[in-house]
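Below: the structure, in structure tokens.
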Amino acid sequence: MDNVERLLKGAVEELDRLLNAKNVLVDPIEKGDATVIPIVSYGFGFKSGG
């Protein structure tokens, strides 16, 4: 079970690194008196069977 836990932990850490807000979001967009701040939400899951 230790190998599976390490594999999942590594996968989750890598996904978090790739999909963090700094990599996904762009700078705020200013137009006149308005400012738009793009946001994003993401999720993921794992499934296995035997």
State the extension gain, in nm to one decimal, for the chain segment bounded by Asp33 and Arg6, taking 0.36 nm per residue of separation less the distance between their alpha-carbons.
-> 4.8 nm
Arrange the peptides 5-18, 26-39 so that the one whose residues have, on average, the most other Cβ atoms within 10 Å appears first.
-> 5-18, 26-39
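Where a number appears in this text, it was derived from the coordinates with a stated rule and is not lab data. Quick caveat: nothing in here was measured; it's all calculated off a predicted structure. Cβ: placed from backbone, ideal geometry, glycine included. Neighbour counts: every protein chain shown.
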